[in-house]
Amino acid sequence: MLIFTAKRVLSGLIVLLVASVVIFFILRLAPGDPAAALAGADADQATIDAIRTRLGLDLPLWQQYASWLGGILTGNLGDSFILSAPIAELIGDSLPNTVFLAGGALLLALVGGAVVGIVLGVSRRRAVNSVFTAANSVAFAVPPYVTGVFLTLVFSIYLGVLPSGGVGPGLGDPVGAIPYLLLPAVTLALPTGATIARFLAASMRRQREEDFVQAGIAKGLTTTTLFARHVIPNSLPPVLTVLGIQIGQLLAGAIIVEVVFAWPGVGQLILQSVITRDYLLTQVLLLLAVAVFVVMQTLTDLADAALDPRVRMGIR
Amino acid sequence: MTAIPELSPARSRRLPSALRGTLADPGVFIATVIVIIFVSVGLLAPFLPLQSPYLQGGQAFAPPSAEHWLGTDEFGRDLFSRVLFGIRQDALVGVIAVPIGALMGILLGLASGLNRILDAVLQRILDVSLAFSSLVMGIVVAAIVGAGIEAVLITVALVNVPLFGRLTRSAVRSQQVRDYVTAARVTGAGPIRVLVRHVLPNAVDALIVQAALSLSIAVFIEGAMSFVGIGVRPPEPSLGSLLRSSSSFLAIAPLYAIAPMVILTALVLCFNVIGDGLNRRLLRR
Amino acid sequence: MIPLLSVRDLVTTFHTSDGPVQAVRGVSFDLSAGETLAIVGESGSGKSVTATSLMNMVRAPGRIESGSITFKGVDVLAKSRDELRQMRGAAMSMIFQDPVAALDPLMRIRDQLGEAIRAHSAISASAANARAIELMHQVGIPDPEARLRDYPLAFSGGMSQRVMIAMALANDPEVIIADEPTTALDVTVQAQILDVLDTLNRDRGTAVILITHNLGVVAQLCQRVAVMYGGKIVETGPTAEVFANPQHPYTRDLLAATPKLSQPRDVPLVAISGRPPTMREPIIGCSYAPRDPLAVARCFVEAPALEPGEGARRHACWVSDGTTSLPPRPELGLEIDQAPRAAAPRGAALLQVADLTKQFDGPRARAFGRRQQVRAVDGVTFDVHQGETLGLVGESGCGKSTIAKLVLGVESPTGGSIRYAGQDSTVLSAAARRRYNRNVQIVFQNPMSALNPRRTVGSMLSEPLALQGMRGQELRDRRDALLELVGMDASIANRFPHEFSGGQRQRLVIARALAVDPQLIVCDEAVAALDVSLQAQIINLLKELQTRLGLSYLFIGHDLATVRHIADRIMVMYLGQIVEQGTAEQVTGNPQHPYTVSLLSAVPDPDPSALSRQRVILQGEVPTPLNPPSGCRFHTRCPIGPTMRTDREICRTEKPTADPEAEHGVACHFAGEFTLVGSGSSAPISADVPHGLGPVRQTTRKTLQ
């Protein structure tokens, strides 16, 4: 298990390193001179050159990359010139909000997805199955920006029971912020939860046909034991894989949901940085997104290994 | 255990009849009809007798009327016309970007079957590409080329490359160990011939299913990028940009948001229904 | 006396989306306490569904439609869910065909066994653990305390099946239903498992219902047999009597289609033409009538019932009178002339393989360490001569399929040489390989995966012809000629592979191999995936083609009886090396290597006269090729090796070699010491070996009553 963990962490770091290279160099493909853009339309060449030197843009690309990466590793993320603030500070202000939102949504998605998935995976009744499957397909397919607008229309505008945006009292008062969290978290949780439910149900139906389940029946196990100890544990590995990928979708969804509900999080920040061409900020935030994804992937891989001895042995 | 031995003679492997069979499913049939209507209306929008989607000056937020079937927007533009031209954007994205991305993905996947080093490189690229979900990819693209329909087109194409690449590669890998591929090789077929004549036909089912799902993803990405402001930008109409504009006026004009919401949902859902139907019919024998 | 289990008029149907499949169509039988009953039949006969019906656990969409199952006087089909649960695993338990799939991969063996124990008795975890150790010991798993902590992945197929048996025994059942328990296992492991079942039947009086397709297994384990065909029992009675004097034509033909070691190898195999009923349509009359040349008019219109014959025997046939022997099956045109081939003068050596070696990358020994090397083939030398059939026999993992790939040229050897018609063909360029394959072709094991499901028969056969430059009418003529050559009609060219049965598909595979006009065909387990009646068709076809086209075969198989039937010479392989080679007569009639002897004795034979034959049950399983034993690779399991006789250190240290030039070559330091004792003889196999100890167990089945 230790070796397995070391391998996974190492490969995660490699992905991160590759991603940092890709992010850094690909953003340099953008047409136009960032120094000129920063200096403004009517700046003279001397000003532009000064800015360029100050940003280190006159150095060879690989040196720029090295100093950028070195800065990140030593905790110096650089400054946003558009917002004239240290990037670390900007992230510090917005990241907790995003974590609050994404964490709440992930919790909802896991609980809801597990419940619906197990119902779908256990039930053999056609009516139950088709109703749940249809509802699940809708939750799976409808994009979060549509869901978000729809929920706002219904609960904020028409019923007027929940706020339509913002974080309210903020994280200083998490309980007070819950009404504000509710609509965004549900919006964000729906597609992920539906995906979990869908894969769990499909996986359970497959496992139900396995010989060891038939052997369990032949042993005289009760249906509850059979599902709780054999069918469900064996159904989890594919769900974990999907969950790892879904984390990426959840992050992307968070960006959308933050826009819909005016949630002051990292998503809004990254969009703003793209629109204002604040590429220093963009590249740090992109790397952050990839890092979160890689960490979550590694965690799901480790969970998979904890569950399945074959993964630990490297057989599967 | 051989519970049902030699029971199900494998279904016909003729693709056209399988596709027809899929259409026999009422859900898939309805979804296909809706999609065809939307796509043709969207593509034909410039040739339909519509008011200009850019013409301002009428009453803002006018309710639906004979003149303005869906009413007007904040600048008094005809919503019906804007919605149709909006659909057009999504149809174009689907028709142009998905095939380009699919083709690139399929070619890469096939190429992986020819060379082991190429395959290892491709595998790494696919792994890393997983870390960029579609919207994050959209952000990267928009950061480079700027917001606009071009960013949407490029993003949709790029997102599809690993989807199709992964699928083709796994088909290549699973097929290449099949006995009939070995048989083709030893009866004289060269590697390209084997890939094109023996491997690809057996991946077609999965690729068709993916194509349907990819169209759904295309609509999703257009909506998402335009909604968050890095895709199609006003005054250009698109389903996502319409929804974004309307979302500022939910309290004043709730009906404004309805049309883009319904159509976006319908398109995404219909492509999903078609994809699932094809999946049931083609892949689960 | 009331029978333990009584089944009457059982009907089980699968309601599939393509319409109902009547898998079981009225089966009745009784089972007495302590009895061993075999239900034997080919795939689709309904035998496995009958087995699952007994415990009322037929899978959806299957349903028991009618009939009754009475177990100890109680109707099983009337039991509530909880009553059923209490019966399953306690009074009646079951073991499965694929033991590896029947164990939950995520759960330790201890927990899986404990679960079976505690599902039926409220005992403490430690008591359950003690019971688990006792059970593991009973089924012959060494070091049970340690093995209980393992996950199933640490268990081989044979060990997994022992665990399944232990689980089935957990609550002292009165009946064990064994559904093809040895089909997924190698023949030496099969012998071990049959021995375990036999022992528990004799020592504990547990009744066994054995579901199998293998007539030899039936003869070895079961007192009584029920033969199933088309969802019904067509004949039943004491095994020895039924096999000696079958009263149903299906039983007769099945026996005649099975290759037997106890028969001279030139006795032709009967090929049963036609195919079994699909079970979708109602069957009018006798289900076997369409395939029986001696069927009379009544057979086609009226279904015969199971009538009592002599003694305990019953049969369902209008032709048979129940006492006199049935006439042998007449030869049909399709079932071709079977005159044994005269020991043809050996032609020139076509393929010369010398010191062939193939290494694969194995797993890493340590994390980030170097990969271990697996020597799948390790220094193999042989020739295939013009017009001859060379058989290659070994258990799974011995490297025989790797040899197929090497000879075919789709894999390159790590060492050694392959010469074809005098030319070096060891490592070929793409173009040279294509030329080489004009002469060397292959027939695969699984005819389904050997045919591209997307392409018609015609396009499949046309491709190699077109690649040779044929066009138009010439190509079509040649294609039709190929189909005719393998006994198929030219009109099928537009059909897809799934429209054909397994045997027909294998004919198509052969036709494709013949398309390039090869001289040597590698048959890699070419009949292993087929039912016995179809096996005989394909073997006969291969023999016919050899005579007509002068082909040479490298015939690879795991079943000595089958290989012996087709091969002129046989090589026996163990862990990547050839241990013995010689003519088929020499290797199967006078084996000199202890492994060959053990392998031969482990093959179950349906012939009642073979029952008194002595069996050598090799202990343990084939070691991993990652780390093969030193010296003679067989020494860890050898009945006359160093584990039995401490003075035989040479087997551990020195690799024995066989003279490849010799007509009968044996790679053993003590070749010929351990020999097969034929049927009827009562002499012990080797006087030095103490009974029941060490790696060898000798058993002699008493004649069945």
Computed ³J(HN,Hα) along the range C:572-581: with the Karplus parameters 6.51/-1.76/1.60, θ = phi - 60°, integer Hz and x for glycine or proline, the list is 10, 10, 9, 6, x, 10, 7, 9, 7, 8
Helix-only CD estimate at 222 nm, as mean residue ellipticity for chain C, using -39500 (n - 2.57) per DSSP H run (n ≥ 4): -8000 deg cm²/dmol
How large is ³J(HN,Hα) for each residue in the range A:129-142, as worked out from phi by the Karplus curve 6.51 cos²θ - 1.76 cosθ + 1.60 (θ = phi - 60°), to whole Hz, x for Gly and Pro? 4, 6, 5, 5, 5, 5, 4, 5, 4, 5, 4, 5, 8, 5
Across 5 Å bins from 0, what is the distribution of all Cα-Cα pair distances for chain B, in whole percents? 1, 5, 11, 13, 15, 14, 12, 10, 7, 5, 4, 3, 1, 1, 0
Of the candidates B:120, B:253, B:111, which one comes out as most mobile in a Gaussian network treatment of chain B with C-alpha springs shorter than 10 Å? B:120
Given +1 on the Cβ of Lys and Arg, -1 on the Cβ of Asp and Glu, and no further charges, what dipole in debye does the range A:31-85 carry about its Cα centre, rounded to the nearest 20? 220 debye
I need the Debye-formula profile for the range C:112-200: one equal scatterer per C-alpha, no solvent, reported as log10 I(q)/I(0) at q = 0.18, 0.24 1/Å, two decimals. -0.78, -1.30
In a Gaussian network model of chain A with springs linking alpha carbons closer than 10 Å, the residue among A:164, A:80, A:67 that fluctuates most is A:67
Note on chain A: the mean projected area of its alpha-carbon convex hull, in nm², is 21.2 nm²
Assigned charges on the beta-carbon of Lys, Arg, Asp, Glu; the protein assembly as shown dipole about Cα centre (debye): 500 debye
Placing +1 on the Cβ of each Lys and Arg and -1 on the Cβ of each Asp and Glu in chain A, which of A:119, A:143, A:300 has its Cα farthest towards the positive end of the resulting dipole? A:119
Using the number of other C-beta atoms within 10 angstrom as an exposure proxy, rank A:175, C:622, C:427 with the fewest first. A:175, C:427, C:622
Of the candidates A:279, A:158, A:145, which one comes out as most mobile in a Gaussian network treatment of chain A with C-alpha springs shorter than 10 Å? A:158
Of the residues A:36, A:170, A:154, the Cα lying farthest along the dipole of the protein assembly as shown towards its positive end, which is defined by charges on the beta carbon of Lys, Arg, Asp and Glu, belongs to A:154
Taking +1 at the Cβ of each Lys and Arg and -1 at the Cβ of each Asp and Glu, which of B:216, B:283, B:129 sits farthest along the dipole of chain B towards its positive end, judged by Cα position relative to the Cα centre? B:283
How big is the charge dipole of the range C:362-451 about its Cα centre, in debye rounded to the nearest 20, if each Lys and Arg gets +1 on its Cβ and each Asp and Glu gets -1 on its Cβ? 520 debye
The range B:208-253 shape via C-alpha gyration tensor axes, a/c threshold 1.5: prolate
Restricting to Cα pairs below 8 Å that are 6+ residues apart, what does the relative contact order work out to for chain C? Please round to a whole percent. 12 percent
Just to be sure I follow: if Rg is taken over the C-alpha atoms of chain C and Rh is the Kirkwood radius over the same atoms, what is Rg/Rh? 0.96
What percent do you get for the relative contact order of chain A when only Cα pairs under 8 Å and 6+ apart count? 25 percent
Return the subset of C:358/C:405; C:358/C:400; C:47/C:543; C:47/C:79; C:405/C:655; A:7/C:358 for which the Cα-Cα distance in this structure is over 21 Å, preserving the input order. C:47/C:543; C:47/C:79; C:405/C:655; A:7/C:358
Taking amide H positions as placed 1.01 Å from N in the peptide plane, with prolines and chain starts having none, which residues 5 or more places from residue C:178, or on another chain, fall under 5 Å of its amide H? C:95, C:209, C:210, C:211
Exactly which GluC sites (Glu not before Pro) in the range C:565-649 are in a DSSP loop and have at most 15 other Cβ atoms within 10 Å? C:649
Per-residue ellipticity at 222 nm attributable to helices in chain B (runs of n ≥ 4 DSSP H, -39500 (n - 2.57) apiece, nearest 500 deg cm²/dmol) works out to -21500 deg cm²/dmol
Counting pairs of alpha carbon atoms under 8 Å apart in space and at least six apart in sequence, what relative contact order in percent does the range A:211-316 give? 28 percent
Mind listing the phi-derived Karplus ³J(HN,Hα) values for the range B:189-196, rounded to whole Hz, using 6.51, -1.76 and 1.60 with θ = phi - 60°, and x for any glycine or proline? 7, x, x, 5, 4, 4, 5, 6
For the range C:209-258, take the convex hull of the Cα atoms, compute a quarter of its surface area, and give me that in nm², please. 3.2 nm²
Where a ≥ b ≥ c are root eigenvalues of the Cα gyration tensor, a/c under 1.5 meaning rounded, otherwise prolate if a/b exceeds b/c and oblate otherwise, the range C:431-498 counts as oblate
Given the protein assembly as shown reduced to its alpha-carbon atoms as identical point scatterers, what log10 I(q)/I(0) does the Debye formula return at q = 0.04, 0.09 Å⁻¹? -0.29, -1.27
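Every read-out reported here was derived from the displayed coordinates using simple, explicitly stated rules and does not represent laboratory data. What you are looking at is a predicted structure, and each value in this text was computed from that prediction instead of being measured. Don't worry about glycine lacking a Cβ; one is built from the backbone with ideal geometry, like all the others, and counts go over all protein chains shown.
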